[in-house]
Amino acid sequence: TGDELLADVNAQFEELSALVADVVALARDDTVAAPERTEVRLDRVVERAVERARRRANGIVVESTVEPAVLDGQAALLERAVLNVVDNAVKWSPTGGTVRVHQQGGVVVVDDEGPGIDPADRPHVFERFWRSPSARAVPGSGLGLAIVAQVVDQHGGTATVADAPTGGTRVTLSLPASRLEPQPA
């Protein structure tokens, strides 16, 4: 709908503004400025990121399963990190392929059906401005996964990459959830 499109454009404008700030911070090797932490529902963060990725998926199916989980953090940064991973999975998946996003507790797993990442390249995928030789013909800045790693690190977690059971890539974000069920309102 028009309202969803406008919301997505506004969100992308905010992301672009934040990305410019992140580029400057990453280029100077500073940390991304983290606003005050609040209680964040990780499942809702993942759902918002997945919904935004679906609107841009163009022939790629994005499936998701989430379970309630709460952590202390910054929702906008976490959403951008999850969205970066899901967008990468969509970008590398073949037309008609499926990206699977699963969140349980503080762990978010994103699997794609793309070509995968050469094991020799895996130690570098979270480095600033690094792009594998096979990715250099595809649009991108080499900052998306560096931002993911930095956001996850700021939240006390880790980001890893491996082979997906589907033959593509699996990216796992492991974050410290403070509890699995939200407090009653």
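Where a number appears in this text, it was derived from the coordinates with a stated rule and is not lab data. Computed from a predicted structure; not experimentally measured. Here the Cβ positions follow ideal geometry from the backbone for every residue, glycine too, while neighbour counts run over all protein chains shown.
Points worth noting:
- Karplus 3J(HN,Hα) series, Hz, for the range 88-98 with 6.51 cos²θ - 1.76 cosθ + 1.60 (x for Gly, Pro): 4, 4, 5, 4, 9, 7, x, 3, x, x, 10
- Local charge for Val90 was computed over the other residues whose Cβ lies under 14 Å away, with Lys and Arg +1 and Asp and Glu -1, and equals 0.
- Estimated FRET transfer efficiency when R0 is 22 angstrom, pair Asp121-Thr98 (beta carbons, to 0.05): 0.40
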